[in-house]
Structure formats: structure tokens, C-alpha cells
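Please treat every number below as a calculation from the coordinates, not as lab data. Source: prediction; values computed, not measured. We place every Cβ from the backbone using ideal geometry, glycine too, and count neighbours over all the protein chains shown.
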Amino acid sequence: MNKLLSISNGSLLACAIALAASILLAYPFAELLSMPGQIFAHIGTLLFATGIKISYVARLVSQRALGLPVH
């Protein structure tokens, strides 16, 4: 479970950074992208938000299995 905790923490951080980047590309810097680039930025926003949710649930599961406090 320690491995799951470290993987979920890492993926939570990676998805949060990628979500911030995709939001920046999809909205304030949209004029710099082509239409397919804007589409991928919007799709990335949905996918990375989902990744955050899945990573957080995996983190909670591993914390509970290790007997750590779950917040």
C-alpha cells in the first residue's frame, strides 16, 4: 500500500499541474492555438480533472489500508 500511496500522490501532483496547464491553454492563451489544439486543451481539462479525482480516491484507499488518518 505504500507504493500505491506514493503513486497516487505523484499522479495527483502531475494531474494538478497538467490541469492548470490545460486550463491556461484552453482559455487565456486560446488565440495562440489552432482549432485542434484548442479542442485537445478542452478535452485535457476534462481528462486531468478526472485523473485528480481517481488519484485522490486511490490515495484515500491506501491511507485507510495503512491506518493513516483520512481527511
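Being surrounded by 14 or more Cβ atoms within 10 Å (Cβ to Cβ) and of a type in the set (Ser, Thr, Tyr) is the filter here; which residues of the stretch 18-71 pass it? Ser22, Thr45, Ser55, Tyr56, Ser62, listed by residue number.
For the stretch 1-17, which residues satisfy the criterion of being among the aliphatic types (A, V, I, L, M) and surrounded by 12 or more Cβ atoms within 10 Å (Cβ to Cβ)? Those that are among the aliphatic types (A, V, I, L, M) and surrounded by 12 or more Cβ atoms within 10 Å (Cβ to Cβ): Met1, Leu4, Leu5, Ile7, Leu12, Leu13, Ala14, Ala16. Only a single criterion out of (1) of a type outside the set (Lys, Arg); (2) closer than 16 Å to Leu5 by Cβ; (3) without any contact (Cβ under 8 Å) to a residue 12 or more places away in the chain is not satisfied by Met35, namely (2). Of everything in the stretch 38-53 that is without any contact (Cβ under 8 Å) to a residue 12 or more places away in the chain and hydrophobic (A, V, I, L, M, F, W, C), the residue that is farthest from Lys3 (Cα to Cα) is Ile39.
Every residue, every condition in (1) touching a strand residue (DSSP E or B) at 6+ places or on another chain (Cβ under 7 Å); (2) more than 24 Å from Leu12 (Cβ to Cβ); (3) in a helix (DSSP H, G or I), yes or no:
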site	(1), (2), (3)
Glu31	no, yes, yes
Ala49	no, no, yes
Ser55	no, no, yes
Leu60	no, no, yes
Ala65	no, no, yes
Leu68	no, no, no
